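Everything on this sheet refers to the single structure shown next.
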Amino acid sequence: MSNTVIPLLLDSLASAALIFFAAVGLTLVFSVLRVLNVAHGSLYSIGAYVAASICLFIASRQLSPYLSFVALLFSAVFVAAILGPLIERTLIRWTYGKSEAVQILITFGLFLMLEDLQRMVFGVQSLYEDAPVRLLGTSQIGGVVYLNYQIFLIGMAVLVVIGLRMLIRHTRLGRLITAVVADREMAQSIGIDTNRIFILAFSLGVFLAALGGALAMPTSGVAPGLGADTMVLAFAVAAIGGLGQIEGAAVAALIVGLARVLAIYFVPSLDAVAPYAAMLVVLLIRPYGLFGAVTARRI
Amino acid sequence: MQPILEAKDLHVAFNGVKAADGVSLSIHDGEFLAIIGPNGSGKTTVLNLCTGYVRPKSGSVHLDGQDITRLAPRAIARLGVARAFQIPQLFSDQRVIDNMMLSLAAKDGLWTMMRPLETEARRAEAEALLGLVGLADDKNRISNTLPEGHRKLLDIAVALALKPRLLLLDEPTSGVSALERFPLMEALMGALRQRQITALFVEHDMDVVARYANRVLVWNAGNIMAEGHPDEVFKDQRVLQSVVGVA
Amino acid sequence: MRVVLAAASVVVLAILPMFAPWLQFVLTLAIAKGFAALGVAILLRAGLISIGHAMFFAASAYGVAFLAARGIGDFASLLVLSVVIAALTGVIVGAFLVRYRAIFFAMLNLAVSMVFYSLFAKLYGITGGSDGMAVPIPSVFGMVLSEPAFKDVLFYLSLVLMVVIGLGIHRYLDSPLGHALSAVHTNEVRLEYLGIPVWAVLLIAYVVSAALAGLGGAIAGFAIGRVVPDFAFWTASGHLVLVAVLGGIGGVPGAFIGALFLELLHTAAVTVTDAWNLIVGAALIAVIMFMPKGLYGLFAREKGAER
């Protein structure tokens, strides 16, 4: 019994951790800015490319492999610090208060541009450097060999969930964000600098996307098309959890992770369908996602 | 005589606030029934309940003896109940005349689909109605460029275009300038009488109510506190304090 | 004046391939995408953005390949049947999805289309997996044609269909049903109170748009000679929305103008640069920011006092 359950569980959790990283930034940005960022997947893959490039550099100079862990975090910070404010200031800001169709199209335009820019900067070959995975080694649970890196990923995901919760509940910035989410105009009228909040929140979203890409890189590498693939997965997870619900995204990631692993174990040909099928079922029953709320219109 | 619309013992609450607390009311053919009351007393909720926009927790609404409590607004509309809103509900990026013609087409049946919306007959009818409410000059404007008072008039004209038996008006004269108020009411009442349309209107302006309503319901905190002919109701000391004093 | 302009454009399109035969494929494909973009544009009028319409494009193209493999070799039958397949798929999917609005509508379409995509890609035994399926050259009214001859037939038929169906859609949009569709975008409450069933208005629009996407998919399948899962990938759906918006959703010609413009620009650009998506992405953003009525807005004369 435990011989099948434990590996299945651990696989699901590790898969869920990666899926969660893909979606959490998307849902965070939506909750604060009310913008669905279709280019989110590209930011994820850019994070992966930057991480891969730095890790490959570290390996080529035969520097300490422990540096590659620093590199993973650094690439996320680097991508967020540059692209976060840049994109928010130039494009996203313009879409505030516009219809969802406009927001989706503007960010789709951004997605197309970022896809080509990645190709121009990083080339079309796939990049892969698994130094962090090798460094952490393996362990045996229930007679099955595991990558410790998988457990590290699960830990990181838990850390991010707790970290975001702490940030939002217990810091000044978190309270400002909560105020902006609750009522943008009210927040503005009592003197909250919403522009600053938007830049910070968007950059935090970019950071989470890039971090997700960076952390995934040592396990699966990065190649053209990763951004587009990640995007739909992120959509699915964010939608299942309820757009804008961070804990919802975590639960959704667990569901999708489990669905995927079950599919891989039992009906391998359907593993790619699992996330979307899960999304369809959830949304048809609860259109606003598992944790989403409905707002009625006054007449 | 059977009333056109009869509501019995309606209860509904929003977040614990009772917006309708055992309300019963009826309106008969040819009546102009006014509902007055302080802001937030649940007057608009009555209209929402009677048109299926809000479902009551308990109680029933009957139209010509038919139970419509659980029907959707579109089904009730097709039974001959039209509504004008407190905040005008228009197709704001379409022209005034298109708003009217779509309403007329809705009455004709939407499924004459391959014919254009704009036909000679429909245009003439739309223009006549616009003339009635004094919007003849605005017909080609985009409706969200109209001043608020005119949007209000258009909203009423759109409701009239459905040729209803019963018209529900939510503060028809709010937002309409004092100068235009009585001419509008004259035209409106003339049209209602001529087309034999029964009307229920929520109103703030006591002069309008006194002059045009033949029965008044005074609303307070989710229920009716007084009812009768305007002359009698306006003599009631409690009414004067709670409603007229505020208004 | 506008009629003359439109007629002249169609004539130019018709004779262009006689001087530049390589253009025929490009134009056929552009018209195919124009049909699909028109479908997307119809829903956009109601404020509904579908990032999933490539599924109907693909469903119909796969339909052609399937039926052809099962022995149906007649061009007209294949075309009609494949559009029917797309329309029926539209009825089923639409019946579920027209309850939703805004982002939820967009994402549900995305989800359904990705289910289609994954199935096309994974059910190797039925769909040929990522290699896709071949679309053979069909017979036209019993005549067996050479490939160039069939491509001629396909191109000129597409052109005729563009005009005929374009006029039909124009009438639809000008009818009460079409106006009610635009009204969904601005005020559903009023529509309800007019006694108009919003879901029926939307379902009809959804099925029409699915059928148009299907027609486009069938033409594209015939033109390319192969259908692959990527036909249904979400970026393909995004491109259809892009074409619709680029062309302008104000009128029927917009979708075709957008598609022709994009395909021709693409043909020209690939000889110079491979940063095609960069150009298109930037163009999309520029169009949305600076000319919200799209390319068609440049040609369309203002009616009355439209904003």
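The values are calculated or read from the model by the stated rules, or taken from the named source; none is laboratory data. No experiment lies behind these values; they were computed from the predicted model shown. Note: ideal-geometry Cβ built from the backbone for every residue, glycine included; neighbour counts use all protein chains shown.
Here are some notes:
- Test for C:V228: is it of a type in the set (V, I, T), more than 9 Å from every other protein chain (Cβ to nearest Cβ) and surrounded by 24 or more Cβ atoms within 10 Å (Cβ to Cβ): no
- Scanning segment B:57-80 for residues that are more than 9 Å from every other protein chain (Cβ to nearest Cβ) and touching a residue at least 24 places away in the same chain (Cβ under 8 Å) yields B:K57, B:S58, B:G59, B:S60, B:V61, B:H62, B:L63, B:D64, B:G65, B:G80.
- Residue satisfying all of: in segment C:88-127; outside any helix (DSSP H, G or I) and within 11 Å of another protein chain (Cβ to nearest Cβ); surrounded by the most Cβ atoms within 10 Å (Cβ to Cβ) among these: C:Y100
- Qualifying positions in segment C:128-153 - assigned to a helix (DSSP H, G or I) and closer than 14 Å to C:A68 by Cβ: C:F150
- Sole residue being assigned to a loop (DSSP other than H, G, I, E, B) and free of Cβ contacts under 8 Å to residues at least 60 places away in the same chain, chosen from A:G97, A:G155: A:G97
- Filter result (out of contact with any strand residue (DSSP E or B) (no Cβ under 8 Å at 6 or more places or on another chain) and either more than 15 Å from B:E148 (Cβ to Cβ) or part of a loop (DSSP other than H, G, I, E, B) (or both)) within segment B:164-178: B:T173, B:S174, B:G175, B:V176, B:S177
- Every residue from segment A:123-140 that is of a type outside the set (S, T, N, Q) and within 21 Å of the chain's Cα centre (by Cα): A:L127, A:Y128, A:E129, A:D130, A:P132, A:V133
- Checklist (1) of a type in the set (F, W, Y); (2) more than 7 Å from every other protein chain (Cβ to nearest Cβ); (3) buried (at least 23 other Cβ atoms within 10 Å of the Cβ) applied to C:W199, failing item: (3)
- For C:A259, the conditions (1) touching a helix residue (DSSP H, G or I) at 6+ places or on another chain (Cβ under 6 Å); (2) more than 10 Å from chain A (Cβ to nearest Cβ); (3) free of Cβ contacts under 8 Å to residues at least 60 places away in the same chain are fulfilled apart from (3).
- Within segment A:45-76, the set of residues being within 25 Å of A:D116 (Cβ to Cβ) and loosely packed, with under 15 Cβ neighbours inside 10 Å comprises A:F57 only.
- Criterion (under 30 Å from A:L117 (Cα atoms), modelled with pLDDT of 85 or more, in contact with a helix residue (DSSP H, G or I) (Cβ under 7 Å, 6 or more places away or on another chain) and buried (at least 17 other Cβ atoms within 10 Å of the Cβ)) met by exactly one of A:L226, A:L243: A:L226
- Test: residue in segment C:236-246 that is among the polar types (S, T, N, Q), crowded, with 24+ Cβ neighbours inside 10 Å, touching a residue at least 40 places away in the same chain (Cβ under 8 Å) and under 26 Å from A:G225 (Cβ atoms): yes
- Among the candidates C:G52, C:G63, C:G34, the residue that is within 14 Å of chain A (Cβ to nearest Cβ) and under 17 Å from the mean Cα position of the chain (by Cα) is uniquely C:G52.
- Tally, over segment B:101-156, of residues that are in contact (Cβ under 8 Å) with a residue 60 or more places away in the chain and among the hydrophobic types (A, V, I, L, M, F, W, C): 2
- A:F291 fulfils the conditions (1) of a type outside the set (A, V, I, L, M); (2) in a loop (DSSP other than H, G, I, E, B); (3) within 13 Å of chain C (Cβ to nearest Cβ) except for a single criterion, (3).
- Unmet criterion (only one of (1) facing chain C (nearest Cβ under 8 Å); (2) out of contact with any Leu (no Cβ under 7 Å at 6 or more places or on another chain); (3) crowded, with 20+ Cβ neighbours inside 10 Å; (4) not small (G, A, S)) for B:T51: (2)
- Selection within segment B:14-31 - closer than 18 Å to B:Q86 by Cβ and crowded, with 21+ Cβ neighbours inside 10 Å: B:A19, B:A20
- No other residue among C:S146, C:S175, C:S182, C:S139 is over 14 Å from the mean Cα position of the chain (by Cα), within 14 Å of chain B (Cβ to nearest Cβ), of a type in the set (G, A, S) and farther than 30 Å from C:F290 by Cβ apart from C:S175.
- Residue in segment A:129-145 that is acidic (D, E), modelled with pLDDT under 85 and under 22 Å from A:L36 (Cα atoms) present: no
- Looking only at segment C:268-307, and only at residues there that are modelled with pLDDT under 70 and within 24 Å of the chain's Cα centre (by Cα), the one that is farthest from the other protein chains (Cβ to nearest Cβ): C:F299
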